[in-house]
Amino acid sequence: MTLIKTSILSAISTVIRVIAGFVSVKIVAVYIGPSGLALVGQMQSFIGMMSSIASAGIGGGVIKYTAEHYEDEATKQKIWSSALKISLVLVVPMAIAIIFLADFISFKLLHTTDYSTIFIVFAVSIVFFVLNGLLTSILNGQKEIKRLTLLNIAGALFGLGITIALVVNYQLYGALIAGIVSQSIVFFITLGFVLKSSWFKFSLFLGSLDREYTKKLLKYSAMTLTSAISIPLSHMYLRDYIGTNIGWDEAGYWQAIWRISETYLMLVTMTLSVYYLPKLSSIQDRSELKKELLYGYKIIMPLVIIMALGIYLFRDFVIILLFTPAFFSMSELFLYQLIGDIFKIASWLLGYIMIAKAMTRMYIVSELTFVVSFVVLSVVFMHLYGIIGMTIGFMVNYMMYLGFLYFSLRGYLNGQ
């Protein structure tokens with residue numbers, strides 16, 4: 001399937017997900033305000049981080065090796081059975097740890113123990129997060145683009161319905177637990193899609209742990225977990241830093257601008273994950289790899305620039321549409337955040353080469369370096385310019401990251 005066809009299918013799914021995401025944000029903004037939105041952001045970061053750790057972060061590896069051995073059933077059995085065992089090995093101890101530490105986690109993350117039961121619910125349901133991630137990765141590697149599109153649409157609609165019901169009835173508590181409930185339900189939807197696939201056999205998930213593919217998957221584990229731990233931790237730290245040093249409303253404004261960026265860029269990030277990783281993984285010739293990369297820039301970057309420009313020009317309308325007048329102070333955050341988004345996607349197009357070609361050491365070192373620089377730059381600029389400094393730090397960091405990737409990968413792409 002071509003990049004354009006994938007983008008069209010992703011666009012259909014993304015339009016629905018964007019609408020669902022914006023309605024969800026609007027409900028949360030109306031019922032719990034900026035400070036509540038900041039706490040919801042803390043919870044979402046924690047859930048994402050723990051889910052990735054529990055699954056050992058092997059999703060990228062499952063996509064890559066499933067795509068590479070698309071027609072080799074025997075090899076896929078080794079990959080999938082090994083992936084299932086790796087995915088489940090951490091679930092039980094992690095769930096037990098979260099249950100015993102629920103009060104501590106709630107206090108450190110949300111500054112109160114009133115929500116400790118939410119973390120217990122998450123611990124009990126985390127197995128559904130792990131299995132859903134594995135099955136979604138397999139669908140991706142199998143190039144089941146249409147099924148993935150339908151799955152994303154169904155997940156978005158179910159998530160929206162659950163969020164509205166819980167937030168309206170339980171306000172902040174409902175907003176905090178909505179993500180856990182909706183993702184647990186999505187697992188069963190994903191399972192239904194997989195069971196209906198022509199290639200599905202239970203036997204493909206049974207078998208001994210294959211040493212070769214366990215080692216290969218754990219290479220991706222190291223890369224994925226680096227991002228899955230460092231990025232949410234940096235966001236949790238920065239939200240807390242803003243809340244403690246400026247105010248929790250300001251932390252909510254920062255969370256709001258991040259939510260806008262994540263949502264409108266969903267079209268691009270979905271296309272990259274659904275199309276680019278399998279495509280780049282299957283390309284062996286470096287000149288062809290470079291050609292595919294340049295093609296991606298020609299298609300994707302103009303789209304990102306147009307979207308960013310449109311959001312900036314209509315930023316006041318966006319705030320009223322998505323949030324409430326209480327969020328008007330975030331208007332000053334748009335310029336540098338949107339410029340940063342452009343550099344972010346430009347760098348991600350290059351960065352996917354590191355994932356596709358399993359450049360483990362380079363990926364880990366660069367990821368950790370630029371997560372640390374993101375935190376440092378954000379804090380430094382925040383003290384210089386206030387809350388707007390957070391977006392300046394974000395922009396500068398991705399400008400530096402793009403430059404680093406260009407000079408680091410130039411030789412590889414030129415066959416040197």
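From the helices alone, meaning DSSP H stretches of at least four residues, give me the mean residue ellipticity at 222 nm for the chain, per-run term -39500 (n - 2.57), in deg cm²/dmol to the nearest 500. Each step should come with its number before you reach the end.
Values: 16 runs with 350 residues, N = 416.
It lands at -29500 deg cm²/dmol.
Along its first, second and third principal axes, ordered by size, the stretch 262-416 spans 53, 30, 18 Å in Cα coordinates. Of 288, 71, 332, the sequence from fewest to most neighbouring Cβ atoms within 10 angstrom is 71, 288, 332. Residues of the stretch 92-106 with backbone nitrogen within less than 11 Å of a virtual label 7 Å along the Cα-to-Cβ line of residue 113, please, listed as ranges. Counting backbone N atoms under 11 Å from the label point, the list is 102-106.
Along the axis of the charge dipole computed for the stretch 3-413 (Cβ charges of +1 for Lys and Arg, -1 for Asp and Glu, origin at the Cα centre), the listed residues 386, 87, 248 are led at the positive end by 87.
Overall, the chain carries a charge dipole of about 1080 debye about its Cα centre when +1 sits on the Cβ of Lys and Arg and -1 on the Cβ of Asp and Glu, all other atoms neutral. Placing unit charges on each Cβ (+1 for Lys and Arg, -1 for Asp and Glu) gives the chain a dipole about its Cα centre, and among 41, 235, 132 the Cα reaching farthest toward its positive end belongs to 132.
Pairs exceeding 25 Å between alpha-carbon atoms, taken from 291/344; 146/344; 216/298: 146/344; 216/298.
Membrane-span-like helices in the chain (whole DSSP H runs, Cα extent of at least 18 Å along the helix axis, mean Kyte-Doolittle hydropathy of at least -0.5): 3-54, 73-89, 116-141, 145-195, 211-245, 286-313, 334-356, 360-385, 388-413.
How big is the dipole moment of the stretch 170-243 about its Cα centre under a simple scheme where the beta carbon of each Lys and Arg is +1, that of each Asp and Glu is -1, and everything else is neutral? Debye, nearest 20, please.
On the way: 7 positive and 3 negative charges, 55 e Å.
Here the size comes out at about 260 debye.
Principal axis extents of the C-alpha atoms in the stretch 126-184 (largest first, rounded to whole Å): 40, 22, 10.
Computed from label points 7 Å out along Cα-Cβ, the spacing between residue 168 and residue 189 is 1.9 nm.
What does the extension gain come out to for residue 90 and residue 328, with contour length at 0.36 nm per residue minus their alpha carbon separation? Before the final figure, lay out the partial values.
On the way: separation 238, 0.36 × 238 = 85.68 nm, distance 4.34 nm.
Full extension of this stretch gives 81.3 nm more.
Values in this text are rule-based calculations from the coordinates and carry no lab data. Remember, predicted model here, so these are calculated numbers, not experimental data. Here Cβ is always computed from backbone atoms with ideal geometry, including for glycine, and neighbour counts include all displayed protein chains.
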